[in-house]
Structures are given as structure tokens and as C-alpha cells.
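Worksheet: one structure, shown below.
Only the coordinates and a few stated rules stand behind these numbers; no lab work does. Only a predicted model underlies this, so the values are computations on that prediction, with no experimental measurement involved. With ideal geometry, Cβ positions are generated from the backbone for all residues, glycine too; neighbour counts draw on all protein chains shown.
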Amino acid sequence: MGILHEDVVMIRRSEKEGEPTEITINCPDKTGLGCDLCRIILFFGLSIVKGDVSTDGKWCYIVFWVIGDSETRWSLLKRRLVEACPSCSSASGISFYCSGLLPTKPPEVFLLTLCCHDRKGLLHDVTRVLSDLELTIEKVKVSTTPDGRVVDMFFITDTREHLQTSERKNETCKYLETVLGDAMIDCEIEKAGSEITASSQAPSFLPSEVTEDSFLLEMPTQLPSGSLMSNSVSIAFDNSLSPAHTLVQIICQYHKGLVYDIMRTLKDYNIQISYGRFTIKQKRHCEIDLFIVQADGKKIVDTSKQKSLTSRLELELRRPIKVAIVSRGPDSELLVTNPVELSGKGRPLVFFDITRALKMLNTGIFSAEIRRHIIGGREWEVYRVLLDEGDISIVPRSKIQEGVWKMLMGWE
């Protein structure tokens, strides 16, 4: 038994500009499905402004209302959402969804080496091409030579799983050449062998600002410019309203990826949502009601567990991404960190938004690096961007930090 493949995900486009598009998902349930769906929606640059989630533990029905831009590829989004749902089987030539899950293997990693003449906004243009082609940046090493050339090394995975073919490699290099024009000198793509991967994983100096608790755990309410970072987060548990579920009520300020941050936190804690509702009201004010159970199907009555979950949710909702600018002798370095899911997946489009913000601020990038580090018992993605020293004298450091932060939070 099942439902038609084409009915698993349905997208109803908004009739008026500025109104949300409705996405309906109707499929068998699985642990972390909500997190996976929200991550895909975030990857496509969409924001969830309203949502309803309902499941009996075996089958789920989810409706998200999202807003994006005119360039959203809705048919491709539908395909990726369908792929995230439990696998389908074929019966008499008609595709149905079933609850059986096939084991997944880690994606192959490829090394994209790009040599270009330097110019403002170059790195953002490259990241935009990779995003358009559904190539995910796992790690990156960018450096500028004294003669003004840029050598970019991107460790990437292919959502379409075709990068091992010459056709897909040629498509990628030709798209880069079309966008970069005369700035591009050379483009090579090869499978990242063990020797390449090993060299890329060599230990790198981790700034003390990242390792200190004050950077990862502190929750300031203002940026250096004095602008508000986030409103207070209110989280309340109630076990009296439902005989079978714990109600968690969250009131907070909206930011890009808010629902994803809640879903990934619950996924990491192995907590299941039986029913949930998300609404965003005026001035980015969000109200979330979640009826949840533990992995054993029981309520969360242990106060220590409630406090632990509350503490983690507060941290993730106040500062889902950490941003700082520090001095490196005469230079300035932008540091951005975000936690990695226990499944090993990082936050989508972080590097894309960093490069986009710097391009808008007319600030050049001298070098950049993405690596993962274990800090405080958790795995973090650490983005280190050495800024062009000539631009720092024109654009204040505080304005750069605020601009990057607002872009990452969706407040630009």
C-alpha cells in the first residue's frame, strides 16, 4: 500500500508576488525527516514562514509555507524533497512509496581546482555557480598569489551524483567560464583520493577566539554597532495538556533557518514531533508549539532532560551562527562558525552568504578556508576569511561583522 509518487510532495505556487508558496509532504515517517526536509528548503534559499506537522510515528503529513525569490527552481526542489522521503518501489509500473529504507553511502568527494585573475566578488560568483549546479562545498582553500592570481581548491560533493562523468565535469567548468569570463585561467576536477584528502586534513592553527567559550557559548544581545542580535527566547514545557505528549512552547525572533535549527536540535536529541505548528507574526516574532515524545515514545518528565534541551535550544536560537572579526597582526580575519549535525551534515549556504555579504560591502578576500573542528565536545564548521587589508580602511570592521551577521540571519 502507498500513495502515488507524484503526490508525495505537492507545491502550490502563490498567485500574488510576496505571498508564500505552499509545500505539502505526505509520506511515511522516519527519524529526522523534518530536519532533512527543512535543510533542503534552506539549501534552496527559502524561508519557512508558517508550518504544520502531524505524524503518528509511521506516516506524516507536513505543510510548509515558504517565501523565496523569482529564481527558485520549484521542480528541482520537489525532486529533492521526494528523494528525502522514504524510498519508493514500483508496482505494475506505478510508483508507490513504502516505508522500507535503503542504506545510504557517503557521497564521493571531488577536488575542484580553479585558477583565476583576482577581482572583487570573484569568490561569491564561484560559490553561486556551485550552488546552482547543486555542488556542495565540504571544504575550501583559497589563496591569492603576489601577481594577483587566485588559486581556489574546493572539496565538493554532487547532489546529482554524476560528477565522476566527463559530461558533468565539462558542464561545471563551462558554466564557471561563462560566469567568470576572461578572469578564469584554468579549471580542473578530479576525484579526491586518499592522499589529497589526507593533506587537506592536516592540522591547522585554530584561533583562540574560536576555542574560547566566550565565542561559542556567550550570548550577547548586540553587535559592535549596537544593533540588536536577537530578542529573548522563551521555552516552556507542559505535561498537563496531553496524556501522551510533552508540549514545548517556544517564542523567539525569526532568523533564516529557524525551523531547521529547531528540527536539527530535536533530531540530535532523538526526539520525535507528533504535532507541531510554526507561525511568524509581525516584526519577526515567532511562536512554535510542539507536541513531542522521546525515542521510547514517552513524555519528557525528567526536569534535568528538560533543562538540557532548553539550554541547547536557547543556544541554537539565540546564536545559530557565530561571527567575529579578529586581528592577525596588521590584517583582519573574519571568523564564522556553526555546529554540525550529528549525522555529519553542515549548515547550507553559509559560505555563499559570507561571500555575498562581502561582495555587497565591496570588501575583497585575500584567502579563505573551511575546516571542521571538535570544540567543547561538538563538531563545528569554522570559516576563516582573511580580508583585503586595503578595504578594511574604507569599510569599518564593525560594519563588516554586522553585514555578514545580518546576511546569515536573513535580516539584510
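Charge tally for residue 74 (other residues, Cβ to Cβ under 12 Å; Lys, Arg +1; Asp, Glu -1): +3.
Extension gain for the segment residue 61 to residue 120, taken as residue separation times 0.36 nm less the Cα-Cα distance, is 16.7 nm to one decimal. Candidates 271, 282, 301 compared by Cα position along the dipole of region 258-396: farthest toward the positive end lies 301, with charges placed on Cβ. Note on residue 50 and residue 12: the model spin-label points, each 7 Å out from Cα along the C-beta direction, lie 1.1 nm apart. Rounded to the nearest 20, the size of the Cβ-charge dipole of region 274-397 about its Cα centre is 500 debye, with Lys and Arg at +1 and Asp and Glu at -1. Counted over region 273-335 with a bin width of 5 Å, the fraction of Cα pairs per bin, in whole percents, is 4, 11, 13, 18, 16, 10, 9, 7, 6, 4, 2, 0. With both labels modelled 7 Å from their Cα along Cα-to-Cβ, the residue 282 to residue 134 distance reads 4.2 nm.
The Cα atoms of region 273-412 define a convex hull whose projected area, averaged across directions, is 10.8 nm². Straight-line reach from residue 322: taking Cα to Cα under 13 Å and skipping same-chain neighbours fewer than 8 places apart, the aspartates and glutamates in range are 209, 212, 213, 218, 381, 402. Reported value for region 117-188: 82 Å³ per residue, from the convex hull of its C-alpha atoms.
Extension gain residue 75-residue 270, at 0.36 nm per residue separation less the Cα-Cα distance, in nm? Before the final figure, lay out each step's value.
Details: separation 195, 0.36 × 195 = 70.20 nm, distance 3.13 nm.
Net length gain for the segment: 67.1 nm.
Phi-derived couplings, Karplus 6.51 cos²θ - 1.76 cosθ + 1.60 at θ = phi - 60°, listed residue by residue for region 306-317: 4, 5, 5, 5, 4, 4, 5, 4, 4, 4, 6, 8 Hz, with x used for Gly and Pro. The calculated FRET efficiency for the pair residue 24 and residue 159, based on their C-beta separation and a Förster distance of 22 Å, comes to about 0.45.
Taking a straight line from the alpha carbon of residue 298, these lysines sit under 20 Å away, with near neighbours fewer than eight places off in the same chain left out: 30, 58, 267, 307.
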